[in-house]
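The values are calculated or read from the model by the stated rules, or taken from the named source; none is laboratory data. These figures come from a predicted structure and were not determined experimentally. All Cβ positions, glycine included, derive from the backbone under ideal geometry; neighbour counts span all protein chains shown.
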Amino acid sequence: MPTDPAPCGVPALALRGVTKRYGRTTALEDVSLGIADGEIVGLLGHNGAGKTTLMSLVAGLLRPDAGEIEVRGVSPVRDPRRARRELGLAPQELGVYPPLTVRQNLAFFAELAGLRGRDVRLRTGEVAEPLGLTALLDRRVARLSGGEQRRVHTAMALLHRPRLLLLDEPTAGVDVETRARLLAFVRELAAAGTAVCYSTHYLAEVEALDASVAILDHGRVIARGTLRELVRSHGDSAVELDFSGAPPALRLPWPVAHEAGVLRVRVERPHSAVPHVLAALGESARRLVNLRVVQPGLETVFLRLTGRRYTDGPDTAGPARDGRAPEADVGAGGSGDGPVPTGERSIEAGRHG
Amino acid sequence: MGDGALGRIAALVRQDGRLLVRDPSPLIVRTVMPLLLMSFMQPLFRAALRADDVRGATGAEQGVPGMAVMFLFFLVNIVGFAMFREHGWHTWDRLRAGPARPFELVAGRLVVPLVVAVVQLAVVFAAGGLLFGLRVTGSYAALVLVGVPLALCVVMVGMALVALCRTIAQLSVFANLLALLFAGLGGALTPRSALPDWARPLAPGVPSYWAMRGFSAVILDGGGVGAVLLPAGVLCAFAAGLTAVTLFFFRAEHRKLSWS
């Protein structure tokens, strides 16, 4: 889907000092963010961090209390209709017409975008094909699976060929196939010049998309950069140990911290440090339940910056593991309790002691 | 209204049409219900009209327009549901984030209910003639002149309630209450001459009164277009007032709670 380049030097999206309050609650505080043509930005943050508010502001559904927003140089506050022509929004909540067919859903949004007759059919096909909807066009949306409905929902945001695409948790609750299709399609769109703002609870998706990252925490952007930059500047590596009972006090040449019942040894080369850590356990080794080698990655960046883990996604299915994900979990115990944070290797002590 | 606004309104109208075609049963039932009730009430209406010295009355002269007007106002629910379901399906914010202005989103939702209301009136009157012996002694054009602004009133009552109500439960309750109130005060349930004393001074304050007055002028008195200009004009004024209420209170960004 080719897009016209933005006027020279104008980013696809620019937020400067944007603040939004709901009564006495501050949803966004002095947020500045830029997205260039063809760039994918993974917008990360816990529930309530302000991701959806940010997208609603950009789409002109909300008005900021302070600050400036520009979509390719156009303010969605002062000229909402012109700004909306440039952007496509797929909100977090599924927004489709269940009694109608996929074709009717897509045709409606194509018609709203000003297309008629043959152009509607062509554009509908153009959007349906990469999302795997071609064979479903004449099926009622109510009869599709959740993942298929999510693809229809996303396709509806693309019919007017937006230059800026806002995807708010597009893979929440979807199957592996849908997740893979969506990720591949987002990469295609970005390669053709579309700027994409992609909020997600799955860090592996951000890594698979090779997206740059903006981390929101309590309404503020606390980190912004490429994945490599953030990992280099904020990514911690560590050895983490779980014990039955209270963790013991260890004497090691590296910083040791207790975090929510987990003993965390921050060390630059965690694999080399494991024998030293195990030796230092002494009698406490009997109570060791689990040992994890944590490599620097987005998860550790997030933990370092916010003090909280990011793996509590909206469902327990976990992200589709893409070949580009830098680390895979090695749950030797095979507990099957959902995803292990990217960048970690886990060993159950009882089976390896 | 340039820059493609008409095209977008047409797209919204087509979408409403598709949704209506997908499930027309509520409208079919609402069209059959007045005829069903009429079959029970005709003897009562006949007696009331004959007591009013209407010679040769079959009861259809009061019953058909009365039931038509009463059940037309039950369409207010349909108008409201069409707007609230956009919130229930989470499509309202998608529409707001699209190219259509809020005015277009509302305007596009008027046309199909308006057509439905006019068709419902026409079907009830036609069936009244075939099944219950309704004879229109006046001008059919005059009937249309009353029926179209009445249908517009019904649609705009629905839109005004959408603007004023936060939940679909509120809308449903108020729509049903208004339908019964309008039917009672307007003379749709009984001839206007049989209204209780307390109701008579209030009757001109509801659109159904003017609709019944216009229909009676055509059906019973053999009136033409000139005879219904006042009722039709008052109905237009009601529609304009309801439009003003809608424009004043409607906020596209207001969240509405649907059934879900």
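Observations on the structure shown:
- Residue in the range A:167-174 that is within 12 Å of chain B (Cβ to nearest Cβ), buried (at least 20 other Cβ atoms within 10 Å of the Cβ) and farther than 26 Å from B:Phe84 by Cβ present: no
- As a summary of the residue check, B:Gln170 satisfies the conditions (1) free of Cβ contacts under 8 Å to residues at least 40 places away in the same chain; (2) touching a strand residue (DSSP E or B) at 6+ places or on another chain (Cβ under 7 Å); (3) of a type in the set (S, T, N, Q) except for the one numbered (2).
- Candidate set: the range A:95-112, residues that are part of a loop (DSSP other than H, G, I, E, B) and within 25 Å of A:Ala190 (Cα to Cα); chosen: the one farthest from the other protein chains (Cβ to nearest Cβ): A:Val96
- Unmet criterion (only one of (1) within 27 Å of A:Thr154 (Cα to Cα); (2) surrounded by fewer than 20 Cβ atoms within 10 Å (Cβ to Cβ); (3) touching a residue at least 40 places away in the same chain (Cβ under 8 Å)) for B:Pro99: (2)
- Members of the range A:124-149 found to be away from chain B (no Cβ under 12 Å), surrounded by 18 or more Cβ atoms within 10 Å (Cβ to Cβ), assigned to a helix (DSSP H, G or I) and out of contact with any strand residue (DSSP E or B) (no Cβ under 9 Å at 6 or more places or on another chain), listed by number: A:Thr124, A:Val127, A:Ala128, A:Gly147, A:Glu148
- Identification of helices (runs of 4 or more DSSP H) wholly contained in the range B:1-102 with 2 or more residues that are within 14 Å of chain A (Cβ to nearest Cβ) yields B:5-22, B:25-51, B:75-88, B:92-96.
- Residues in the range A:54-69 that are within 13 Å of another protein chain (Cβ to nearest Cβ) and of a type outside the set (A, V, I, L, M): 3 in all.
- The range A:23-39, subset farther than 19 Å from A:Ile215 by Cα and in contact (Cβ under 8 Å) with a residue 12 or more places away in the chain, residue nearest to the chain's Cα centre (by Cα): A:Gly38
Yes/no per residue for (1) surrounded by 23 or more Cβ atoms within 10 Å (Cβ to Cβ); (2) among the hydroxyl-bearing types (Ser, Thr, Tyr); (3) within 30 Å of B:Pro43 (Cα to Cα):
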| position | (1), (2), (3) |
| --- | --- |
| B:Met159 | yes, no, no |
| B:Ala183 | yes, no, yes |
| B:Arg200 | no, no, yes |
| B:Trp210 | yes, no, yes |
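- Being under 19 Å from A:Phe108 (Cβ atoms) and acidic (Asp, Glu) is not true of B:Asp53.
- Taken over the range A:79-94, residues that are at the interface with chain B (Cβ under 8 Å from one of its Cβ atoms) and charged (D, E, K, R) amount to 4.
- Only one entry in A:Arg121, A:Arg72 is at pLDDT 95 or above, away from chain B (no Cβ under 13 Å) and more than 28 Å from the chain's Cα centre (by Cα), namely A:Arg121.
- Set A:Ala349, A:Ala328, A:Ala285: member being in contact with a helix residue (DSSP H, G or I) (Cβ under 9 Å, 6 or more places away or on another chain), hydrophobic (A, V, I, L, M, F, W, C) and modelled with pLDDT under 50: A:Ala349
- Residue in the range B:191-205 that is among the hydroxyl-bearing types (Ser, Thr, Tyr), over 27 Å from B:Gly56 (Cβ atoms) and outside any loop (DSSP other than H, G, I, E, B) present: no
- Verdict on B:Ser193 being touching a residue at least 40 places away in the same chain (Cβ under 8 Å) and surrounded by fewer than 15 Cβ atoms within 10 Å (Cβ to Cβ): yes
- Test: residue in the range A:152-172 that is at pLDDT 95 or above and farther than 29 Å from A:Gly73 by Cα: yes
- Each residue in the range B:220-233 was checked for being closer than 15 Å to B:Ala141 by Cβ and surrounded by fewer than 24 Cβ atoms within 10 Å (Cβ to Cβ), and 8 of them qualify.
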